[in-house]
Amino acid sequence: MLAGLAVLVGIAVAAAVVFFVGRRSVPGDPSSHHLGALGWWALGLGTTGLVAVVVPLVLSRIGPEWPNLALNPALLSIAGGVSGVIVGGYALARGGSRRLLWLVLIPGAVTVVIWLAFLVGEFVSPH
């Protein structure tokens, strides 16, 4: 239930970024400044999602238990990964086929693939 809500939050964040930043870009013009801005947003959101997955894993190896936080890092990682992939995909669809835009999709895509693998694993062998 909360994971579905995190996906919806990620979609809402991506829609807001696309609406406020992406609508100023010129379709088919890869040198448009705002396509670069969308790429930076995609990189930031995707990296936020990836860091929210990796940091708790590393800290759980160091310390005895993860501290109780108001925001679950898993939900932040789902929202960040989904919004990063959507914003990066939108920038690519607007005509920015530069290698840089493909590279900024990597952190968000890795996060989404991790969570999709987890979801498939839950269906294949539930706890």
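Using mean Cβ contacts within 10 Å as the protection proxy, how do 44-57, 114-127, 4-17 order, highest first? Working shown, then result.
Details: 44-57: 19.8, 114-127: 10.3, 4-17: 16.9.
The packing order, highest mean first, is 44-57, 4-17, 114-127.
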* Work out the FRET efficiency for Trp102 and Val124 from their Cβ-Cβ distance, taking R0 = 30 Å, and round it to the nearest 0.05. => 0.45
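None of the figures in this text is laboratory data; all of them are computed from the coordinates on show. In this text the structure is predicted, and so the values were computed from the model without any measurement. So basically every Cβ, Gly included, is an ideal-geometry build from the backbone, and we count neighbours across all protein chains shown.
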